[in-house]
Amino acid sequence: VAILQSMSALLGEWGCEVLVATDEESALAALKGRAPELILADYHLDHGVVGCDVVRHLREHFRLTIPAVIITADRTDQCRRSLQRLDAPLLNKPVKPGKLRAVLSQMLG
């Protein structure tokens, strides 16, 4: 929760409207029917859920290829393959603010 709050605060300082969710259900509730411009997700979520799956489901729900960035400390081949199928860039933990900003600017620019 502390990491979510600090990431949300940083993105807010950059002028982003941030909606925070810890799973797919809370993401859909927070979005209130509006598709996000970008999804920033952790690879490993609670209860064995993988962030790539949540991104895929949100894209299917909104019928849009929503840009997504996955954050992880996982450097396994399985993680890399999941990201390739998702066509989403990877940011390794710990995420440096400058790198995050550059990736977001490129994707939203």
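The values are calculated or read from the model by the stated rules, or taken from the named source; none is laboratory data. Just so it is clear, the model here is predicted, and its values are computed rather than measured. Glycine gets a Cβ as well: all are built from the backbone with ideal geometry, and neighbour counts include every protein chain shown. Keep in mind that these areas ignore ligands, DNA and RNA; they rest on the heavy atoms of the full protein, side chains included. Shrake-Rupley method; radii C 1.70, N 1.55, O 1.52, S 1.80 Å.
Quick notes on this one:
- For the stretch 37-104: rounded, prolate or oblate by the Cα gyration tensor [a/c cutoff 1.5]: oblate
- Nearest-20 debye value, the stretch 17-108 charge dipole, Cβ charges on Lys, Arg, Asp, Glu: 400
- In the chain, a dipole from Cβ-located charges (positive for Lys and Arg, negative for Asp and Glu) runs towards its positive end, and of Gln5, Met107, Gln78 it is Met107 whose Cα lies farthest in that direction.
- Dipole of the chain, positive direction: furthest Cα of Leu31, Val18, Ala88, with charges on the beta-carbon: Ala88
- In this calculation the C-beta distance from Lys99 to Leu19 is compared with R0 = 22 Å, giving a FRET efficiency of 0.50.
- Among Ala29, Ala41, Ala68, residue whose mean-square fluctuation peaks in a GNM of the chain (springs only between Cα atoms under 10 Å): Ala29
- Between Ala2 and Arg85, the contour length at 0.36 nm per residue exceeds the alpha carbon distance by 26.9 nm.
- With all protein chains in place and a 1.4 Å probe, the accessible surface of the chain carries 52 percent carbon and sulfur.
- Accessible area per residue, Å², the stretch 29-87 with all protein chains present, probe 1.4 Å: 63
- For the stretch 1-88: rounded, prolate or oblate by the Cα gyration tensor [a/c cutoff 1.5]: oblate
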